[in-house]
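What follows is a set of notes on a single structure, which appears directly below.
The values are calculated or read from the model by the stated rules, or taken from the named source; none is laboratory data. The shown structure was predicted, so the numbers you read here are calculated from the model rather than taken from an experiment. Positions of Cβ are backbone-derived with ideal geometry, glycine not excepted, and every protein chain shown enters the neighbour counts.
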Amino acid sequence: MNFKIESNYINITNYPSIEEHFQKMAREGWMIKSVIMGSLFIYEKIEPSDLEFSITPYEVETVFTRKSKEELEEFQTVSKSVGWNYVLKTFNLHIYCKEADQPAIDLQTDEEEKFKTLEFIGKKQLKSLYILTPIFLFFSWFILGGLFGGTGLLKRGSVQIISPVIPFGILLSIKNIFHMRKFLKENRENIKLGQDIEFSSSKFRLEKITLSLFLILIIPLALHYLYNIFVLRNKIMVIIAIPIIIGTIGGLLYRQFVKPAKKSLGYKKFGFVLMLASVSIVSLLVSQFSGLEVTKVARTYLEPSTQGLKILSFNDFDNEEEFGDLIKEASPLVPKAHTYISHSSGKGRIETEYSKGINRSIAKRLVKKHKMEGRDNVLPSYHQELEYSFEEGEYVSQLELIGLSKEEFIELKDKPDGEEKAEELVKNKAVFRADEKIWNSDEAYFLNYRRTKIVIRQGEEVFYLKGKDFSDPEIVEIAKASLGL
Amino acid sequence: MLFYLTYIETRYTIYLADVSTVDIAQEDTKVKIKEEEMAKKALTQPMYYILLSLKEARHGYEIMQYIEWLTGGRVVVGPGTLYSLLSRFEEDSWIKLISRKDNKKTYVITDKGKNELEEEIARLEEMLEDVRRVQGGNEDEFQNRE
């Protein structure tokens, strides 16, 4: 092997220990070639050499500024002329080396100035952490909460792939804030007292685990997106990708043209806000357009074939389907899934959600989540009617649709906790067992009082159907034939 | 919801009413004093010599060589220290870029930078004067002070 990959960690609080590490590796015949995200070190095989390394902080990029290629080249040329050869840079740390016996002027010659540079970089990192950590925590809560709560995210591969790194990410974000604050505070005192900067001697295990895990997971995540977009032709993924692509292009243009421009800070701030605003507006417009119009285009060019798929449509009943929308998706826990919506003018729509879990346990979990959703969804739709009935003491006939009869209402209306009891009653009536034998299945549950929603499980396969009276024997027979039950 | 909005409005109205113009003026003065204190802080040795060397237009490597020559090798400024300081000086308008040729940026000190340098020189002269007074034997003068 001519190269070696190592999980390590470098930042402004520990780089002198990394200089020593690089020296040791060079003596063993490994020369550092690349550092990815400050955590993945790639070495190249060389003849064992006695090299000395020097790492110097030199700010390359902030939110509003960026050193040009020429500026960095000038720094490298001057460093070379005092005896140091450029190796690579990682964020704002520049790595140089020389033969151990060759004379050279130190890259950093003043401890106070070195600290000022570190403080400048550290404070900016802290600012970013203050802004990004709450956003990250919010998304983590959203993702992890969804993973344990709803059916959608159980089938969402990106969430399943990235979720193992989230707990580590949360801990790391919080730790980084405290670690950086401590480093800056302690060394501010050291410099005031005329002492040297004290660098961290931590082993940075959490950083190494988190960043390595992230770098390992990024490949399956990218593959997952590509598979869903190009193989399964998942329209939703394409729509999600649009703002990401527009944002990336906007960011790159800003980085390339605005940041290095020799203009005032005000001009750059204006450029930054303008970029953010235009990217947001364009993304929003494109997403809206995608949602409304692209579906027609997608139906023609992107729509995967329904052939061989287990779906229920209006064509199975009376050949009156106007059009259908199909979305195929795959995830590690549910490798095969699709949602089909059959539309018919005047008759509404029939929905089929098919999922094949990796095992029965996942399939059972999906059924459980559908049942939970069935219970939770009943009240929001009829909340106003229920509230009105109990406030005015007058029965609203729509409540019959969710199973609250006039007799039950009269019995409860004058009780102090009547409304709560009615809510509980409605929830209990929303989900109830269907006859598995009729459906030739292992489990079957109606998910609303009217029996127009049902979840059926047969082995690892789960079917969620909506849009017909699934207690009607004729409809049951047609559905069973179409779904292969 | 309405209750919540009313609560917020009341709470902040009270806070704003509690802040008088005197408080605001005092806070402004504190900020001003802090800014002045920071501005009066002594320049570090590399800052001083880099600003001094930029009384004439020079590029990075030339600055390093000039400082070494000027101080007879007593002061050496490494590239890491030099370029970080040049970036900061340029950001604070203490120096300005006058040309860029063959990957070499040439800078010169600005009026703002000159003021900073002159203040530092005055501070150093005062310190030197103090040394002279001590060397000249001012103990009697100290003992007979009013």
Query raised in the report: Looking only at residues in the stretch A:48-66 that are loosely packed, with under 14 Cβ neighbours inside 10 Å and at pLDDT 95 or above, which one is farthest from the other protein chains (Cβ to nearest Cβ)?
Result: A:Pro48
Query raised in the report: Among (1) surrounded by 15 or more Cβ atoms within 10 Å (Cβ to Cβ); (2) modelled with pLDDT under 90, where does A:Ser201 come up short?
Result: (1)
Report summary line: Selection from the stretch A:301-322 of residues outside any loop (DSSP other than H, G, I, E, B) and either within 21 Å of A:Lys480 (Cα to Cα) or modelled with pLDDT of 85 or more (or both) yields A:Phe314, A:Asn315, A:Asp316
Requested in this report: Could you please give the count of residues in the stretch A:332-372 that are in contact with a strand residue (DSSP E or B) (Cβ under 6 Å, 6 or more places away or on another chain) and over 20 Å from A:Glu460 (Cβ atoms)?
Outcome: 6
Query raised in the report: Of the numbered conditions (1) in contact with a Phe, Trp or Tyr (Cβ under 8 Å, 6 or more places away or on another chain); (2) within 25 Å of A:Thr109 (Cα to Cα), A:Met31 satisfies every one except a single condition; which is it?
Result: (2)
Query raised in the report: What do you reckon, is B:Lys55 more than 10 Å from chain A (Cβ to nearest Cβ), farther than 30 Å from A:Glu61 by Cβ and at pLDDT 90 or above?
Result: yes
Report summary line: Given (1) at pLDDT 95 or above; (2) within 9 Å of chain A (Cβ to nearest Cβ); (3) surrounded by fewer than 22 Cβ atoms within 10 Å (Cβ to Cβ), B:Gly78 misses just (3)
Requested in this report: Give the residue that is modelled with the highest pLDDT, with candidates limited to residues of the stretch A:70-122 that are in contact with a Gly (Cβ under 7 Å, 6 or more places away or on another chain), more than 7 Å from chain B (Cβ to nearest Cβ) and under 18 Å from A:Ile10 (Cβ atoms).
Outcome: A:Thr90
Report task. Could you list all residues from the stretch A:415-441 that are modelled with pLDDT of 85 or more, in a loop (DSSP other than H, G, I, E, B) and surrounded by fewer than 17 Cβ atoms within 10 Å (Cβ to Cβ)? Result -> A:Asp435, A:Glu436, A:Lys437, A:Ile438, A:Asn440
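Looking at the stretch A:246-274 only, could you name the residues that are of a type in the set (Ser, Thr, Tyr) and closer than 20 Å to A:Glu71 by Cβ?
First, pick out the residues of the stretch A:246-274 that are of a type in the set (Ser, Thr, Tyr): A:248, A:254, A:264, A:267.
Correct list: A:Tyr254, A:Ser264, A:Tyr267.
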Query raised in the report: Taking the stretch A:4-26 as the region of interest, how many residues are of a type in the set (Gly, Ala, Ser) and surrounded by 22 or more Cβ atoms within 10 Å (Cβ to Cβ)?
Result: 1
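Just checking, does the stretch A:2-9 include any residue being in contact with a helix residue (DSSP H, G or I) (Cβ under 8 Å, 6 or more places away or on another chain) and among the small types (Gly, Ala, Ser)? Step through it out loud before you land on a result.
Applying the first criterion (in contact with a helix residue (DSSP H, G or I) (Cβ under 8 Å, 6 or more places away or on another chain)) to the stretch A:2-9 yields A:7-9.
Filter once more, so that each one left must be among the small types (Gly, Ala, Ser): A:7.
Checked the stretch A:2-9: at least one residue is in contact with a helix residue (DSSP H, G or I) (Cβ under 8 Å, 6 or more places away or on another chain) and among the small types (Gly, Ala, Ser).
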Report summary line: Within the stretch A:394-414, residues surrounded by 12 or more Cβ atoms within 10 Å (Cβ to Cβ) and not in a helix (DSSP H, G or I) come out as A:Tyr395, A:Val396, A:Gly403, A:Leu404, A:Ser405, A:Lys413
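Identify, from the list B:Thr71, B:Thr110, the residue that is in contact with a Phe, Trp or Tyr (Cβ under 8 Å, 6 or more places away or on another chain), over 22 Å from A:Lys114 (Cβ atoms) and either more than 12 Å from every other protein chain (Cβ to nearest Cβ) or at pLDDT 95 or above (or both). First the steps, then the outcome.
Values: B:Thr71 fails: over 22 Å from A:Lys114 (Cβ atoms).
Selected residue: B:Thr110, the only one of B:Thr71, B:Thr110 that is in contact with a Phe, Trp or Tyr (Cβ under 8 Å, 6 or more places away or on another chain), over 22 Å from A:Lys114 (Cβ atoms) and either more than 12 Å from every other protein chain (Cβ to nearest Cβ) or at pLDDT 95 or above (or both).
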Report summary line: Given (1) under 30 Å from A:Lys268 (Cβ atoms); (2) more than 14 Å from chain B (Cβ to nearest Cβ); (3) touching a strand residue (DSSP E or B) at 6+ places or on another chain (Cβ under 7 Å), A:Met37 misses just (3)
**Report entry** Residue match in the stretch A:89-98 (condition: more than 28 Å from the chain's Cα centre (by Cα), surrounded by fewer than 16 Cβ atoms within 10 Å (Cβ to Cβ) and charged (D, E, K, R))
**Finding:** no
Query - Filter result for the condition that a residue is hydroxyl-bearing (Ser, Thr, Tyr) and assigned to a loop (DSSP other than H, G, I, E, B), over A:Ser212, A:Ser200, A:Ser173 - result: A:Ser200
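Regarding A:Met25, is this residue at pLDDT below 95 and closer than 21 Å to A:Lys208 by Cβ? Let's see the steps before the verdict.
Numbers: at pLDDT below 95: no; closer than 21 Å to A:Lys208 by Cβ: yes.
Taking the combined requirement at face value, the residue does not satisfy it.
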Query raised in the report: Does A:Glu424 satisfy the condition of being farther than 22 Å from A:Asp469 by Cβ and out of contact with any Pro (no Cβ under 7 Å at 6 or more places or on another chain)?
Result: yes
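If we keep just the residues of the stretch A:346-357 that are within 18 Å of A:Lys310 (Cβ to Cβ) and not charged (D, E, K, R), which is surrounded by the most Cβ atoms within 10 Å (Cβ to Cβ)?
Start the filter on the stretch A:346-357 by keeping residues that are within 18 Å of A:Lys310 (Cβ to Cβ), which leaves A:349-357.
Subset that is not charged (D, E, K, R): A:350, A:352, A:354-355, A:357.
Values: A:Ile350: 25, A:Thr352: 24, A:Tyr354: 21, A:Ser355: 27, A:Gly357: 25.
Taking the candidates together, the pick is A:Ser355.
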Report summary line: Expected single match for more than 19 Å from B:Asn103 (Cα to Cα), in contact with a strand residue (DSSP E or B) (Cβ under 9 Å, 6 or more places away or on another chain) and either hydrophobic (A, V, I, L, M, F, W, C) or part of a strand (DSSP E or B) (or both) among A:Ile55, A:Ile105 is A:Ile55
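What do you reckon, is A:Val78 buried (at least 20 other Cβ atoms within 10 Å of the Cβ) and within 16 Å of B:Ser84 (Cα to Cα)? Break it down into steps so the answer makes sense when it comes.
Numbers: buried (at least 20 other Cβ atoms within 10 Å of the Cβ): yes; within 16 Å of B:Ser84 (Cα to Cα): yes.
When the stated conditions are applied, A:Val78 passes them.
Which residues, counting only those in the stretch A:220-274, are more than 30 Å from A:Asp325 (Cα to Cα), among the aliphatic types (A, V, I, L, M) and modelled with pLDDT of 85 or more? Break it down into steps so the answer makes sense when it comes.
Of all residues in the stretch A:220-274, those more than 30 Å from A:Asp325 (Cα to Cα) come to A:249-274.
Applying the additional criterion that residues be among the aliphatic types (A, V, I, L, M) yields A:249, A:252-253, A:258, A:261, A:265, A:273-274.
Within the stretch A:220-274, A:Ile249, A:Leu252, A:Leu253, A:Val258, A:Val273, A:Leu274 qualify.
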